[in-house]
1. Can you tell me which residue within the range 138-173, out of those that are surrounded by 17 or more Cβ atoms within 10 Å (Cβ to Cβ), at pLDDT 90 or above and touching a strand residue (DSSP E or B) at 6+ places or on another chain (Cβ under 6 Å), is farthest from Asn282 (Cα to Cα)?
2. If we keep just the residues of the range 176-216 that are of a type in the set (Phe, Trp, Tyr) and over 29 Å from Ala324 (Cα atoms), which is surrounded by the fewest Cβ atoms within 10 Å (Cβ to Cβ)?
3. What pairs come up if the first residue lies in the range 217-240 and is buried (at least 18 other Cβ atoms within 10 Å of the Cβ) and modelled with pLDDT of 85 or more, the second is of a type in the set (Lys, Arg) and assigned to a strand (DSSP E or B), and their beta carbons are under 8 Å apart, counting only those six or more places apart or on different chains?
4. Looking at the range 273-289, is at least one residue in contact with a strand residue (DSSP E or B) (Cβ under 7 Å, 6 or more places away or on another chain), of a type outside the set (S, T, N, Q), under 19 Å from Ser48 (Cβ atoms) and modelled with pLDDT of 90 or more?
5. Scan the range 386-406 for residues that are at pLDDT below 90, of a type in the set (S, T, N, Q) and surrounded by 11 or more Cβ atoms within 10 Å (Cβ to Cβ) and report the count.
6. Looking only at the range 31-50, which residues are closer than 14 Å to Asp12 by Cβ and touching a residue at least 60 places away in the same chain (Cβ under 8 Å)?
7. So which residues in the range 50-73 are under 27 Å from the mean Cα position of the chain (by Cα) and among the polar types (S, T, N, Q), if there are any at all?
8. Kindly indicate whether any position in the range 347-355 is at pLDDT 90 or above and on the phi < 0 side of the Ramachandran plot.
Amino acid sequence: MDLEQWTYVFSDIVARAAILKTWSSMEPVGGNYNGTLLVMRAEFQIPSPIVETRESCFGRFCKQLAPYTWGIVDVSLEDLFPYPLPVGFRRKPSGCLIQASPNDLSKVIWVEHMEVDQQTIMVNEMYEAYINSGLAFGAKRWVSSLVRHCTWEATLMAMSCSTLNGVLLLQAGRLSVLKLAERMTKSFYRNVSSSKENPWVKIPFPGPQDIRVVVTPNLNDDPGRPPCTSVVFATSVHVPTNPKHLFHYLRHEKSRNKWDILSYGHVITELSCIINGTDSRNRVSIIQVNSAPRRIEIFYLQESFFDASGSYIVFAPVDIYAMAVVLRGGNPDYVAILPSGFAILPDRPRMNGEEDVADGSILTVALNIIDHSVTQRVPFQSMVSMHRIMTETVASIKGAFKIQQF
């Protein structure tokens, strides 16, 4: 019911949202929203610039059904209000039941029920099976995001965390690293979104990839971003290998110098990692790049997490001095970062007992760079460089799985 917390917890799904009107039978006291009705507008996303967000105006009602049991229900309101454009997406009664359990636990039952007009909402063919499976906007993805957030909160509050290489960070440094990683990942969600806030432009060059670019100026002098204009360019491609295999290849530091143009010929080492939860694939890593045995080029901060409904590897370069400040427990809000990364989705998910499996993957690659020649438009020569970098990166990744290039 709290807009800020809702968009924060589900930032990988909710591109943007607003409360238009609130009615309440009582003032919310201590988070008690019993009888509160919200009129909201939101955009829901999947991590790709080539798939449009789904926008909806809906009512959200909260009701305490019994002691320790709450229900929160959403339903579209487009049929009740004049709407200037054809409505292709409606939320039928959807929401969750929350029941408090002993030991500060909660039981959550989630339902997503939606109606989609496929004549109004056009979907890229590559994404049809994934979206039609229900994973893209269904209950499983919402619950996965909620579980991931709760696990992350537990990792933040833990006095120590598991590592695989035996290197333990000081408590203050560990918290700073985790907070910086969190900001990096949530920024990546915004960067890769097809929300109306991101006016993507297609790079007009021939080739198999649909490469798009968006300019992101630092208008508010955000200390967490470089004090200049940055450019995000991204594409989504099909890779005929299992999402688990692709995730492991892109996450692992030993593979980085095979697909990262800036790391060719360098030695990559994972200095330390913080395991998030019980799955070692879900971790925050500090990665060091050496061009010579005693010459450090750059550090990367990387967060990776695997989930059947969608996996991410997000990274950002951090210079030596900024990394030293963070590891000493300094304020991570003043570390300027440019997040890049990958989003991996199953191409044709199918249920195999309790596990979703797929033979192929949909990979979104989003790279974030500083280009001082960019103002509001991207110069032609910059587009040429971005097209070359993205084409080479995608070819290197596909080449690792021996995919024939045409």
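1. In this case the residue turns out to be Ala139.
2. Filtering first and then ranking leaves Phe205.
3. Phe233/Arg212; Ala234/Arg212; Thr235/Arg212
4. No: the range 273-289 contains no residue that is in contact with a strand residue (DSSP E or B) (Cβ under 7 Å, 6 or more places away or on another chain), of a type outside the set (S, T, N, Q), under 19 Å from Ser48 (Cβ atoms) and modelled with pLDDT of 90 or more.
5. Matching residues across the range 386-406 total 0.
6. Glu43, Phe44, Gln45, Ile46, Pro47, Ser48
7. Thr53, Ser56
8. No: zero hits.
The values are calculated or read from the model by the stated rules, or taken from the named source; none is laboratory data. Everything numeric here is computed off the predicted structure, so don't read it as measured data. Cβ: placed from backbone, ideal geometry, glycine included. Neighbour counts: every protein chain shown.
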